[in-house]
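So the structure is just underneath, and the comments pick up after that.
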Amino acid sequence: MSELEALAQRIRTCQDCPLGRTRTLAVPGEGPEHPLVMCIGEAPGYHEDQQGRPFVGPAGKFLEELLASVGLKRSDVYITNVVKCRPPDNRDPLPGEIEACKKYLVRQIELLQPKIIVTLGRYSLAHFAPRESISKVHGKPRKIKEGILFPMYHPAAALHYQALRSTLEQDIRLLPALIKQVQEGAAQVPSAQPSAQQLSMF
Ligand code: URA
């Protein structure tokens, strides 16, 4: 068994936060063991909790459409979430739940070593850039220590706010060029800049 699969088994039996008692199935994630691209969402919803697989409900269908629009299949990318168990009634994950689950995402990234990390929504963006606002940084790739961060809105947001659909469709169009640059070993993206808030401390 690979280390990634051993980690997934550990996630499936995890009781490190109260979500372990209310979930049906934990959702470790799925995809190739050495992906170029890793997509990280927020937390499993109803369908994911039933099936133990990430992004298999309506948001997942839209994610697959977005990927297909730039020539990618779902199976080309590794897909997971910040929190691996469904919060009851699909509420937002709590800080303690995010903290308890953080070790799994950190280890998955270490094992997978993706070149491009696509964050879907504000919770996964916050894992890498806690002070950034998704409305400002979506569609803007940047270098981080784990690789290239490519923040996008969450696909579910487009299902609630029609206007975000075209934003997501536009943002993902940048992904092929980014993949090409990575494959050619010449990614031209800026490193993280200090935010105005950080600078105001000095
Ligand atoms: N929303 C998420 O953030 N993750 C899923 O797996 C499904 C819906």
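Quick one: in segment 75-106, which of the residues that are surrounded by fewer than 17 Cβ atoms within 10 Å (Cβ to Cβ) and under 14 Å from the mean Cα position of the chain (by Cα) is farthest from the ligand (Cβ to nearest atom)? The selected residue is Val106.
Applying the criterion of being of a type in the set (A, V, I, L, M) and open to solvent by less than 10 Å² (accessible area, probe 1.4 Å) to the residues of segment 108-128, the residue that is farthest from Lys61 (Cα to Cα) is Leu112. Considering segment 51-74 alone, what residues qualify as being of a type in the set (Val, Ile, Thr) and either more than 14 Å from the ligand (Cβ to nearest atom) or surrounded by fewer than 20 Cβ atoms within 10 Å (Cβ to Cβ) (or both)? Within segment 51-74, just Val70 meets the criteria. Of all residue pairs spaced 6 or more apart or on separate chains, those with beta-carbon atoms under 6 Å, a first member in segment 160-172 that is among the acidic types (Asp, Glu) and a second member that is at pLDDT 95 or above and surrounded by fewer than 19 Cβ atoms within 10 Å (Cβ to Cβ) are Asp171/Gly139.
Examine segment 33-41 for a residue that is of a type in the set (Asp, Glu) and within 21 Å of Tyr123 (Cα to Cα), and state whether such a residue exists. No, every residue in segment 33-41 fails to be of a type in the set (Asp, Glu) and within 21 Å of Tyr123 (Cα to Cα).
Just one residue in the set Gly31, Gly45 is buried (at least 20 other Cβ atoms within 10 Å of the Cβ) and more than 18 Å from Pro93 (Cα to Cα); that residue is Gly31.
Cβ-Cβ distances below 8 Å connect the following pairs, each with a first residue in segment 130-144 that is under 25 Å from Gln181 (Cα atoms), a second residue that is part of a helix (DSSP H, G or I) and open to solvent by 50 Å² or more (accessible area, probe 1.4 Å), and a separation of six or more residues or different chains: Ile134/Arg122; Gly139/Gln170. Of note, Lys136 does not satisfy the criterion of being in a strand (DSSP E or B) and away from the ligand (no atom under 16 Å from the Cβ). Within segment 56-80, residues that are within 16 Å of Glu42 (Cβ to Cβ) and of a type in the set (A, V, I, L, M, F, W, C) reach partners that are open to solvent by 60 Å² or more (accessible area, probe 1.4 Å) and within 16 Å of the ligand (Cβ to nearest atom) with beta carbons closer than 7 Å, at six or more positions or on different chains, in the pairs Val56/His47; Ala59/Leu159; Phe62/Leu159. Can you confirm whether segment 173-188 contains a residue that is more than 16 Å from the ligand (Cβ to nearest atom), surrounded by 13 or more Cβ atoms within 10 Å (Cβ to Cβ), farther than 27 Å from Lys84 by Cα and without any contact (Cβ under 8 Å) to a residue 12 or more places away in the chain? Yes, segment 173-188 contains a residue that is more than 16 Å from the ligand (Cβ to nearest atom), surrounded by 13 or more Cβ atoms within 10 Å (Cβ to Cβ), farther than 27 Å from Lys84 by Cα and without any contact (Cβ under 8 Å) to a residue 12 or more places away in the chain.
The values are calculated or read from the model by the stated rules, or taken from the named source; none is laboratory data. In this text the structure is predicted, and so the values were computed from the model without any measurement. No Cβ is skipped: glycine too gets one built from the backbone with ideal geometry, and neighbour counts run over all protein chains shown. For accessibility, only protein heavy atoms count, side chains too; no ligands or nucleic acids. Shrake-Rupley method; radii C 1.70, N 1.55, O 1.52, S 1.80 Å.
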